[in-house]
Structures are given as C-alpha cells and as structure tokens.
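The values are calculated or read from the model by the stated rules, or taken from the named source; none is laboratory data. If you're wondering where the values come from, they're calculated on a predicted model, not measured in any experiment. For neighbour counting, all protein chains shown are included, and Cβ atoms are generated from backbone atoms with ideal geometry for every residue, glycine included. When the accessible area is computed, the model is the full protein with side chains, heavy atoms only, and any ligands, DNA or RNA have been set aside. Shrake-Rupley method; radii C 1.70, N 1.55, O 1.52, S 1.80 Å.
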Amino acid sequence: MRVVSGIQPTGGLHLGNLLGAILRWVRMQDECECLFFLADLHAITIDVEPAQLRANVREMAAALIASGIDPAKSTLFAQSQVPAHAELAWLLQCVARVGWLNRMTQFKDKSGKNREGVSVGLYTYPVLQAADVLLYQATHVPVGEDQKQHIELIRDIAVKFNNDYDSDIMVPPEPFIGGGVAARVMSLRDGSMKMSKSDPSEQSRIHLTDSDDAIAQKIRKAKTDPEPLPEDPALLASRPEARNLVGIMAAVTGESEAAVLQRFAGQGFGAFKPALTEALVALLGPLRKRLEELRRDEAAIDSFLAQGAQRATALAAPFVDEAYRAMGLRH
Ligand code: TYM
C-alpha cells in the first residue's frame, strides 16, 4: 500500500483540510509508505505573487508538520522540486482527452464566466494531479470528497496509457475518502456550501491559525436552526447546518454522530456550541502552538523539504524514464 496526496499552498489550513485530509494522513503514516506534497505547481494555475508563493509553501509545510506529519516517517516535499511531476504531466496531457477534461466540475466552478481568460494550466490541472499520483504507483489517495472526480480521471488516464502503450506501469489508484461529515465539511455560514479557502467570508471557516477566541466567536455565530437536537442522526438529514456541526463534533472527538446526539438530544445549540468550541480548541490549540514554534526556524523547514524532494526524486525519476520509453521516447 503506497499513499500519495497533496495540498495547495494557498490560504493556510482550514478545518475542512484537516478533517478531510491532513489528520487522516497523519493516522496513515504508521501503517503505510506515505508521500505528501505541497502542490505549488497547481498553485500557479491562478495568479500568485512569487514572494507570496514562496512564503505560502514554507507556511503550509510548517502547518503540516505542526499537524503531525512527521518528515522522518513520511516523504514531505514541494512538487516543483521534483521535476518528474511536470515531465510526466506533459506525457499524460497527450494521453488524456479534451472531452474528459471538459467534464471536470472544478474547472467549471473555478473558471466561472471567464472561461476564455483563465490559464491553460487551470484547464489541464487534473492531468498534473494524475502525474502526481501515477509517478509513485500510489494505491491509495486520501482526499476529501471534492477530489473524487479528479481521482476517477486519474484511473481513466492510467488505463488508457496502459492500453495505448501495451504497458502495465500505470497503477489506477483508489480514492480514499473519510466517513461522515469529514468527507465534506461545510461552511459555517451556509450548510449547502463546502468549507473552502476561496469563500470570501472568514466566518465560513476555522483556520489552524485562529485563536481560541476566534474559534469561539465563529462557532457562536455559525448558522443553525431553532430546533433542539434529535436522538436519531437520520433526523438531521433535512437540517444541513445542524448536521454539519454535529458531524464536526464527531470527527473532532472521534465519536460517532449517534454518540454525540445521545449526549445532546433534546438540547438546543445554546448548550451544544460551547461544547463544540471546547472540543475544537482542545484539538487545534496545541497544533497552533507548534506551528508558531516551527515558523521561527525557516532553515529547518527548508531542509525537511530538500530531504523530502531528494527521496521523492529517487522514486520518481526512474519511473518517468520508463513512461518516456513506453511511449517510444528517450531510446
Ligand atoms: P486542496 O488544496 O483544495 O485541499 C487539500 C485537501 O483537503 C480536502 N478538503 C476538504 N475535505 C473535506 N471538507 C472540505 N470542506 C475540504 N476542503 C478541502 C481536499 O479534498 C484535499 O484532499 N487538487 C488538490 C491538491 C492535489 C492533490 C494531488 C490531491 C494536487 N495533486 C494529488 C491528491 C493527489 C487540491 O487542490 O486540494
């Protein structure tokens, strides 16, 4: 079992990233061979200042380490430091079909009405993501539900490559999506939208860097409904905001949603919200403190990333060579 996953170094970690991906990566480190990376090549598909990007990569690396990614156990690196990602992405662009990319809902969402004005990279973004995963013959890709369509595309690209070039080097990976609300943590302001760094409202999400007071304030203001909490989780189906908060509590404490509801059945959000704040502060407070310490040592972060890039390159370079050769190149 080989695990590969990435995160874009933009906007800092939020609770959706943590519950949907990062804290699950942390749990996998002891059982599997893991490679985790900062998708800085993906970050340049939209406009970003070079100095800002450089700072974001360090900040996100520190945030991952603070959250429990251990560079001694996992290979942690920045995508741009391993040239094989960009190389394989080109080869795979010649395998993937335009029709497949046209179906990608994330491109439609991100490009909006400006379809002609966005970068070509934003359009071929999922092909680079395919390279990220196929390079390492990853079997499992732990992600949130929003990445499911991209992982399915990776499988299609892998199968077509193997068929077209009479090869077996591409391993179609499995998406590995968490259960319950963790798969898709919703905005605190609107239970029909996912928690996202691109939401203009700061109130919609909780950041790893939020102070205890900021967490308390965001939870106090989180949208809810006036009904008391039920005992049966099925009764939350038509109450998206309530379901989200109960699901967050379950994901944070490690309880089932039924167990959370057993504790709060019959009570309103006046009782539930302070308990949720307490659980979030207990989870995030120590991670935030570690992040503050790690930030002070940029050289250490850079050195972790350099070591990670070296390990990843040792795996990726021979593989990309095989891909070239399968296609009749580099003979
Ligand atoms: P990114 O940077 O948007 O998000 C990183 C991870 O966090 C998950 N996530 C969520 N999970 C649950 N609820 C939410 N509200 C939520 N918001 C974000 C994402 O699903 C993701 O797992 N394209 C990817 C980065 C990437 C990648 C890859 C991932 C590049 N190459 C190869 C896996 C494999 C992205 O933009 O994730």
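Report, by chain and number, residues whose modeled amide H sits under 5 Å from the one on LEU229, excluding near sequence neighbours (fewer than 5 apart, same chain).
Result for LEU229 returns GLY266, GLN267, GLY268.
Quick one: what are the phi-derived ³J(HN,Hα) couplings along segment 143-157, Karplus 6.51/-1.76/1.60 with θ = phi - 60°, whole Hz, x for glycine and proline?
Each residue's phi maps through the Karplus curve to give 9, x, 4, 5, 9, 4, 5, 5, 5, 5, 5, 4, 4, 4, 5 Hz.
Under the rule a/c < 1.5 gives rounded, and otherwise a/b versus b/c splits prolate from oblate, where does segment 223-331 land using the Cα gyration tensor?
Details: a/c = 4.71, a/b = 2.01, b/c = 2.34.
It is oblate, given that a/c is not under 1.5 and a/b is not larger than b/c.
What ranking do 247-253, 159-165, 8-14 get when scored by the average of other Cβ atoms within 10 Å per residue, highest first? It would help to have the intermediate numbers written out before the result.
Details: 247-253: 22.7, 159-165: 15.6, 8-14: 20.4.
Highest to lowest by the protection proxy: 247-253, 8-14, 159-165.
Rolling a 1.4 angstrom probe over the protein heavy atoms, how many square angstrom per residue are accessible across segment 61-111? Numbers along the way, then the final one.
Details: 2000 Å² over 51 residues.
Heavy-atom SASA per residue in segment 61-111 reads 39 Å².
Net charge within 13 Å of PHE269 by Cβ-Cβ distance, Lys/Arg positive one each and Asp/Glu negative one each, not counting PHE269 itself? Present the calculation step by step, with values, prior to reporting the outcome.
Details: positive: ARG220, LYS221, LYS223, ARG239, ARG243, LYS273; negative: ASP225, GLU227, GLU241.
Every neighbour counted, the sum reads +3.
Along Cα→Cβ, 7 Å out, is where each label goes; now give me the distance between the ones at ASP232 and SER167 in nm to one decimal.
Using points 7 Å along Cα→Cβ, the separation is 5.4 nm.
Between segment 51-123 and segment 179-228, what is the separation of their alpha carbon centroids in Å?
Between the Cα centres of segment 51-123 and segment 179-228 lies a distance of 25 Å.
Magnitude of the Cβ-charge dipole of the chain, K/R +1 and D/E -1, about the Cα centre, nearest 20 debye? Let's see the in-between values first.
Values: 36 positive and 41 negative charges, 103 e Å.
The dipole magnitude comes to about 500 debye.
Considering the options GLN52, GLN217, ALA309, tell which one lies farthest towards the positive end of the dipole of the chain, charges being +1 on Lys and Arg and -1 on Asp and Glu at the Cβ, about the Cα centre.
GLN217
Work out the charge dipole of segment 202-293 with +1 on the Cβ of Lys and Arg and -1 on the Cβ of Asp and Glu about the Cα centre, then indicate which of LEU280, LEU208, ALA258 is farthest towards its positive end.
LEU208
Would you work out what percent of the accessible area of segment 202-293, with all protein chains in place, is carbon or sulfur (probe 1.4 Å)? List each step's numbers first, then the result.
Values: 2220 of 4260 Å².
The computed percentage sits at 52.
Cβ neighbours within 10 Å, averaged per peptide: list 108-114, 294-300, 130-136 in order, most packed at the top. Let's see the in-between values first.
Working: 108-114: 10.9, 294-300: 12.4, 130-136: 26.0.
Averaged packing, sorted descending, gives the order 130-136, 294-300, 108-114.
Under a 5 Å amide H to amide H cut-off, with H placed in plane at 1.01 Å, what residues pair with ILE169 once short-range neighbours are removed?
Answer set, sorted by chain and number: none.
Give me, ordered by chain and number, the residues 5 or more places off GLU33 or on other chains with an amide H under 5 Å from its own placed amide H.
Answer set, sorted by chain and number: VAL3.
Which FRET efficiency value, to the nearest 0.05, is calculated for ASN102 and ALA317 with the Förster distance at 22 angstrom and r the Cβ-Cβ distance?
Details: r = 32 Å, r/R0 = 1.47.
The computed FRET efficiency comes out at 0.10.
Can you tell me how much longer the chain between VAL120 and ALA51 gets when fully stretched, taken as 0.36 nm per residue apart minus their C-alpha distance, in nm with one decimal? Intermediate values should be presented prior to the final figure.
Details: separation 69, 0.36 × 69 = 24.84 nm, distance 2.26 nm.
Difference between extended and current length: 22.6 nm.
Which one of GLN8, VAL141, SER111 is farthest out on the positive end of the charge dipole of the chain, using unit charges on Cβ (Lys, Arg +1; Asp, Glu -1) and the Cα centre as origin?
SER111
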